[in-house]
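Q: Mind looking over this structure? Questions follow.
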Amino acid sequence: MDSDENQTKQEAPRADSDRVVIFDTTLRDGEQCPGATMTFDEKLEIAELLDEMGVDIIEAGFPIASQGDFESVQEIARRANNSVICGLSRAQLKDIDVCAEAIKPAARGRIHTFIGTSPLHRKYQMGIEKAEVLERVTASVTRARNHTGDVEWSAMDATRTEDDFLCACVEAAIKAGATTINIPDTVGYATPDEFGALKRMLLERVPGAEAVVFSTHCHNDLGLAVANSLAGVVAGARQVECTINGLGERAGNAALEEVVMAIKTRSDVMPFWTGIDTTMLTRASKLVSRVTAFPVQYNKAIVGRNAFAHESGIHQDGMLKNSQTFEIMTPESVGVKESSLVMGKHSGRHAFREKLKELGYELGDNAFEDAFVRFKTLADRKKHVYDEDIEALVDQEIASARDRIKVVALTVIAGTGGPQKATVTLDIDGKQHTVEATGDGPVDATFQGISSLVPHEARLALYQVSAVTEGTDAQAEVMVRLEVDGKIATGRGSDTDTMVASARAYVSALNKLMAREARRKPETMLAS
Ligand code: KIV
Ligand code: ZN
């Protein structure tokens, strides 16, 4: 490094050959992770943000997996403005045809087909020999090419596949017309050196390799997903498959925000670039965390709450003198805004509308009025109202706009005496119902009350409370996960009263279960 005091490097000039394509699979591999199931509307909301953020390819789902997946891929394909919309399919002709149908409305669509290539996958997953794998590669890619010119082929468990056989499979896929070749580290087993070497080996040995795009798809079982993805890029890959917040099976996938910021921040040693608007990374992270109820680890790189916090005296002193002493990228570059005091109880509609605009929200008239009423109530109860408070409030307003059940009132008697009591009033399809319930603690009493008004079979799989901002008058943000027949719905609620936030979160999860059920069989829940 130079002795120049300005150590943070400027971005290098950009060549097309150094452009790294960002392939986001939050809605497919991310959603596959237990507990991260998303509703149709949530998928559309995430896809819209990814599209706006500059994600090149959105893997929107696995259309053959369910009618819900098919419909969401199709709708995302219909709505995308910029991104290529991709659907996943196994190496089966029917899967591929269904996938093609789902992506049809997209201005630019891609079929991504895969098959296990490693000895373990051949023997135990499929019970077939090498020759048959090769035949299936050719048949599946050929079928996909009959539907679209943009076909990606993946060798599942590539990093545990014999080199010679992997070369043969990649060659067959290229010959059949694949335009992108993805080399997944499906079980997160590779190290960066190994993964880079594997890419190099394929690029050197496979005929036609120079004419296709090589891709990385790294899982994070050893915490190496981002390092492996970058090693793949350095070795010649020009597509990285990743997810927001690193969401995904087991330990997850490579985190999009980390890959993108590593490339941007260290373009001096990795002369690559992406088309991502990095100032949207924090928003994307918050959205995915809200939708899945998967909290973001406080010290998570790039998007963790502490990622730009400087606590120690020495660090704070250095930051005041020159922020580059302890900061390699600015909070603004990833969309973190200074926590700002917004308004108090005297702020009017105009100021509130301006603030919403600044935070990136556009609400219709009714939604704006509802949000304004809630803001006034909050400002009456809470001394300082921060941007984060407004975001929590509006996110909840948006999420509940279509809900059939709403929390109208809640009174809880808690304390050492027990049993704790809750009186709950819900609006169900426009009619108010009130019930009194007891429970083992105020949360239990509240949930018992809700459950007696909305009978259901779901099990509470997660209940989690955090504070939106600092201070004892901070809003509580509660996440609830409900599970029924292996299906999961998550809900989020916020309020300065933790019990009210809990009731809202529980009701929000119930609304999602009902919405999903209603799409499958209209008028089942609550029919009696
Ligand atoms: O991890 C994996 O191998 C996958 C493939 C389907 C690409 O997700
Ligand atoms: Zn995967």
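Q: Just the Cα atoms of the range 405-520: what Rg and Dmax do they give in Å?
A: Computed over the Cα atoms of the range 405-520, radius of gyration and Dmax are 13.9, 45 Å.
Q: Right, next: Using alpha carbons only, what's the Rg to Rh ratio of the range 340-399 with Rh from Kirkwood?
A: Checking Rg against Rh, the ratio lands at 0.90.
Q: Here is a further query. Which residues' amide hydrogens lie under 5 Å from the amide hydrogen of VAL21, considering only partners 5 or more residues apart or on another chain, with H built in the peptide plane?
A: Residues meeting the amide H criterion: GLN239, VAL240.
Q: Scan around GLY116 for amide H atoms under 5 Å from its own, H built in the peptide plane at 1.01 Å from N, and keep only partners 5 or more places away or cross-chain.
A: MET156
Q: List THR216, THR265, THR159 from most exposed to least, where exposure is judged by having the fewest other Cβ atoms within 10 Å.
A: Fewest-to-most Cβ neighbours within 10 Å comes out as THR265, THR159, THR216.
Q: Please go through the range 94-196 and write out the chymotrypsin sites (Phe, Trp or Tyr not before Pro) that DSSP classes as loop and that have at most 13 other C-beta atoms within 10 Å.
A: none
Q: List, in order, the whole-Hz ³J(HN,Hα) value for each residue of the range 105-116 obtained from phi through the Karplus relation with A = 6.51, B = -1.76, C = 1.60 and θ = phi - 60°; use x for Gly and Pro.
A: In residue order, the calculated couplings are x, 6, 4, 9, x, 9, 9, 10, 10, 9, 8, x Hz.
Q: For the range 188-284, what are the per-bin percents of Cα-Cα distances with bins 5 Å wide, up to the bin holding the maximum?
A: Each 5 Å bin holds this share of Cα pairs: 3, 14, 23, 23, 20, 11, 4, 1, 0.
Q: Among ILE390, LEU359, GLY348, whose Cα sits farthest toward the positive end of the charge dipole of the range 340-399 (+1 at Cβ of Lys/Arg, -1 at Cβ of Asp/Glu, about the Cα centre)?
A: Of the options given, the answer is GLY348.
Q: Okay, moving on. Using Cβ counts within 10 Å as a stand-in for footprinting exposure, how do VAL213, VAL480, VAL465 rank, fewest first?
A: The order, fewest Cβ neighbours first, is VAL465, VAL213, VAL480.
Q: Sticking with this structure for a sec: Let's see if you can work this out: charge +1 on each Lys and Arg Cβ, -1 on each Asp and Glu Cβ, no other charges. What is the dipole magnitude of the range 405-520 about its Cα centre, in debye to the nearest 20?
A: 500
Q: With the Cα gyration tensor of the range 15-292 in hand, convert its eigenvalues to equivalent ellipsoid semi-axes via √(5λ) and list them largest first in whole Å.
A: Ellipsoid semi-axes (Å, largest first): 25, 23, 17.
Q: Would you work out which of THR496, LEU513, ILE263 lies farthest towards the positive end of the dipole of the chain? Charges go on Cβ: Lys and Arg +1, Asp and Glu -1.
A: LEU513
Q: Find the relative contact order for the chain and round it to a whole percent, using C-alpha pairs within less than 8 Å whose residues are 6+ positions apart.
A: Once divided by the residue count of the chain, the mean separation gives 10 percent.
Q: Sort the chain into rounded, prolate or oblate with this rule: let a ≥ b ≥ c be the square roots of the eigenvalues of the Cα gyration tensor; rounded if a/c is under 1.5, and if a/c is not under 1.5, prolate when a/b is larger than b/c, oblate otherwise.
A: oblate
Q: With contacts defined as alpha carbon pairs under 8 Å and 6 or more residues apart, what's the relative contact order of the range 64-125 in percent?
A: Reported as a whole number, the value is 35 percent.
Q: Also, I was wondering about something else. Using 21 Å as the Cα-Cα cut-off, could you pick out the over-long pairs in LYS123/LYS199; LYS337/LYS357; LYS355/LYS382?
A: Beyond 21 Å between Cα atoms: LYS123/LYS199.
Q: Taking the Cβ of each residue in LEU224, LEU230 as the centre, tally the other Cβ atoms inside 10 Å and list the residues starting with the fewest.
A: In order of increasing Cβ crowding within 10 Å: LEU224, LEU230.
Q: Given the chain, what percent of its DSSP beta bridges are antiparallel, to the nearest 5?
A: 50
Q: A further question on this structure: What percent do you get for the relative contact order of the range 15-292 when only Cα pairs under 8 Å and 6+ apart count?
A: 20
Q: Go through the range 458-466 residue by residue and turn each phi into a ³J(HN,Hα) via Karplus (6.51, -1.76, 1.60, θ = phi - 60°); whole Hz please, and just put x for glycine and proline.
A: 5, 9, 7, 9, 7, 9, 9, 10, 9
Q: While we're looking at this one, here's another question. Give a quick list of GluC sites (Glu not before Pro) in the range 415-481 that DSSP marks as loop, anything other than H, G, I, E or B, with at most 11 other Cβ atoms within 10 Å.
A: Answer in residue order: GLU457, GLU470.
Q: If I model the range 85-127 as equal point scatterers sitting on the Cα atoms and use the Debye formula, what is log10 I(q)/I(0) at q = 0.27 Å⁻¹?
A: -0.84
Q: Would you kindly derive the ³J(HN,Hα) couplings of the range 354-368 from the backbone phi angles with the Karplus curve 6.51 cos²θ - 1.76 cosθ + 1.60 (θ = phi - 60°), listing them in order in whole Hz, with x for Gly and Pro?
A: 4, 5, 4, 4, 4, 7, x, 9, 10, 10, x, 4, 5, 4, 5
Coordinate-derived values only; no laboratory data. In this text the structure is predicted, and so the values were computed from the model without any measurement. Cβ sites come from the backbone with ideal geometry, for glycine too, and all protein chains shown count toward neighbours.
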